[in-house]
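J.: This is the structure I have questions about; it appears just below.
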Amino acid sequence: MTGSPVEESAAGGSAKPIYDRVVLKLSGEAFADPATGYNIDPSIVASIANEVALAKHLGIELAVVVGGGNIFRGGSASLRGIDRATGDYMGMLATVINALALQDALEQIGIPTRVQTAIAMQQVAEPYIWKKAIRHLEKGRVVVFAAGTGDPYFTTDTTAALRAAEIGAGVIFKATRVDGIYTDDPEKNSDATRIDELSYIEVLNRGLRVMDSTAISLCMENKLPIVVFDLMVEGNIKRAVLGEHIGTTVK
Ligand code: UDP
C-alpha cells in the first residue's frame, strides 16, 4: 500500500477516504489543560482518541507523531540556562509521556495501538523500526511515534515529515488550535483571511509559522502535502481523511 490518494473526493467530500496512509501530527499543547497549556488533561486526551477513532474507522492506516511542548521544550529551557542538547533530550522524553497517554486512551476505546520511540526504552515501548511500524499499520494498529527524531535540535514537526516520508504516507495532517493558515495573525488583525492553499515555497518565503523550515523542506522534497486544520472542531480529522475542504493545504 502506498499512501497516495486512492480516490478523488467529490465536491464537499465523499464517503470514502482519499488517503490510505496518514501521519497525524499532534502538538503537546493539544493534550494540555486549555487553561494553562501545560500538563495532560485525561478528558482531552480521551476526546482526541475519539476523534482518531472516527478517522481510523474509515479504514485508513494511521500513524501519529506527538509533540511534547505541554511538558518541556528544549529551546525555551536553554534560554533559561539548561544545556540545549540536554533540554532537547528532556523534550523528547516529554513526547513519550504524551504518547503513552494517547496509547492508553486509544486502547481504552478498543483501538490497538503501538508506541515506537526513537530513543530506546524497551520496558516502556518498542524502539522505532520502520519495517515494523509499517507492519503494525498494515495490521490495522495505530502507531504512535515518540521521542521525536531521537536527535536534539530537531522538532516533532520535522519528525512528522521524516516518518511520513519513511512509511510512505500520502499526507501529513497538522491538527492544531487554529483552523488553518492566515494572511496575518487573526487575533491581532481583523482583516486577516484564511488561505485555502499554499505552496511550500510560499510558506518558506513568507515565513509562515505552519511548521519549521526543516519540516517544510522535507515535505517539499518528498512531495508530501500538509493539511493544517483545527483539532478542536469535532469530526475534523475524519473530514480531512474524506477530503473535505477544511483548513489550509500546503503542497
Ligand atoms: N525535540 C528534539 N528532537 C526532535 C523532536 C523534539 O530535540 O526530533 C525536543 C525539542 O526540545 C522540542 C521538544 O522535544 O522542544 C518537544 O517537541 P516539540 O517542540 O516539537 O513539541 P510540540 O511543539 O509539537 O508540542
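J.: May I ask you to derive the relative contact order of the stretch 129-251, considering only C-alpha pairs under 8 Å and at least 6 residues apart, and to give it as an integer percent?
T.: That works out to 30 percent.
J.: Can you work out the FRET efficiency for the pair ILE129 and ILE82, with r the C-beta to C-beta distance and R0 = 30 Å, to the nearest 0.05?
T.: Details: r = 31 Å, r/R0 = 1.02.
After rounding, the FRET efficiency stands at 0.45.
J.: Within the stretch 201-231, name every residue whose backbone N is under 11 Å away from a label modeled 7 Å from Cα of LYS251 along the Cβ vector.
T.: Within reach of a label on LYS251, which here means backbone N under 11 Å from a point 7 Å along Cα→Cβ, the stretch 201-231 contributes 224-227.
J.: Residue separation times 0.36 nm, minus the C-alpha to C-alpha distance between ALA15 and VAL233: what's the value? Numbers along the way, then the final one.
T.: Numbers: separation 218, 0.36 × 218 = 78.48 nm, distance 1.91 nm.
76.6 nm is the gain from fully extending ALA15 to VAL233.
J.: Show me the GluC sites (Glu not before Pro) within the stretch 149-251 that DSSP assigns to loop and that have at most 11 other Cβ atoms within 10 Å of their Cβ. Before the final figure, lay out each step's value.
T.: On the way: sites: GLU166, GLU187, GLU197, GLU202, GLU221, GLU234, GLU244; in loops: GLU187, GLU234, GLU244.
Listed in order of number, the matching sites are GLU187.
J.: Only four residue types carry charge here, +1 at the Cβ of Lys and Arg and -1 at the Cβ of Asp and Glu. Report the dipole size of the chain about the Cα centre in Debye, rounded to the nearest 20.
T.: Values: 24 positive and 30 negative charges, 129 e Å.
About 620 debye.
J.: Please work out how much accessible surface SER76 shows to a 1.4 Å probe, ignoring ligands, DNA and RNA, in Å² rounded to 10.
T.: Probe radius 1.4 Å; accessible area of SER76 about 50 Å².
J.: Nearest 0.05, what FRET efficiency do ASP185 and ASN50 give at R0 = 45 Å with Cβ-Cβ as r?
T.: Numbers: r = 30 Å, r/R0 = 0.68.
The formula returns an efficiency of 0.90 here.
J.: Right, here's the next one. Picking from LYS56, LYS188, LYS223, which is most flexible by a Gaussian network model of the chain using Cα springs under 10 Å?
T.: Among LYS56, LYS188, LYS223, the largest GNM mean-square fluctuation belongs to LYS188.
J.: Tell me the Rg and the Dmax, in Å, that the Cα atoms of the stretch 212-251 produce.
T.: According to the Cα coordinates of the stretch 212-251, Rg and Dmax are 11.4, 32 Å.
J.: Please compute the per residue accessible area over the chain with all protein chains in place, 1.4 Å probe, rounded to a whole number of Å². Write out the running numbers ahead of the final one.
T.: Numbers: 11650 Å² over 251 residues.
So the chain comes to 46 Å² accessible per residue, rounded to a whole number.
J.: Roughly how many percent of the accessible protein surface of the chain is carbon and sulfur, given a 1.4 Å probe and a whole-percent answer?
T.: Values: 5970 of 11650 Å².
Carbon and sulfur: 51 percent of the exposed surface of the chain.
J.: Okay, next question. Just the accessible area for HIS245, please: 1.4 Å probe, Å², rounded to the nearest 10?
T.: Ignoring ligands and nucleic acids, HIS245 comes out at about 110 Å².
J.: Also, quick follow-up: Which lysines have a Cα lying under 24 Å from the Cα of LYS251, excluding residues fewer than 8 positions away in the same chain?
T.: LYS16, LYS25, LYS56, LYS174, LYS223, LYS238
The values are calculated or read from the model by the stated rules, or taken from the named source; none is laboratory data. What you see is a predicted model, and the numbers here were worked out from it, not measured in a lab. Methodologically, a virtual Cβ is constructed for each residue, glycine included, from the backbone with ideal geometry; neighbour enumeration extends over all protein chains shown. In case anyone asks, the SASA skips ligands and DNA or RNA and just uses the protein heavy atoms, side chains included. Shrake-Rupley method; radii C 1.70, N 1.55, O 1.52, S 1.80 Å.
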